[in-house]
Amino acid sequence: MSTAAVGLLAGMALGFAGYFGGFWAFLLVLVLGVVGLVVGRLLEGDQGVDGLLHPRSGERRR
């Protein structure tokens, strides 16, 4: 599945949550989506926690 399709589905899910459930449902779906993204990336083993925080370089910003 392409990145654009994933973005479209995520946007639609957030839109439905906001429309039918209000702001707090929108916020809950957003937070759980981010948690799922982080857990999924860590389980894939592509990156460590530092790679999630600074995806373009391994160095910390000052």
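The values are calculated or read from the model by the stated rules, or taken from the named source; none is laboratory data. Fair warning: this is a prediction, and the values are worked out from it, not measured in the lab. To get the accessible areas, we keep the full protein, side chains included, count just its heavy atoms, and leave off ligands, DNA and RNA. Shrake-Rupley method; radii C 1.70, N 1.55, O 1.52, S 1.80 Å.
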Worksheet item: Per the 1.4 Å probe, what fraction of the accessible area of segment 1-47, in percent, lies on carbon and sulfur atoms?
Response: 77 percent
Worksheet entry | Estimated vicinal HN-Hα couplings, Hz - segment 32-40 in sequence order (Karplus 6.51, -1.76, 1.60; Gly, Pro = x) | 5, x, 5, 4, x, 4, 5, 5, x
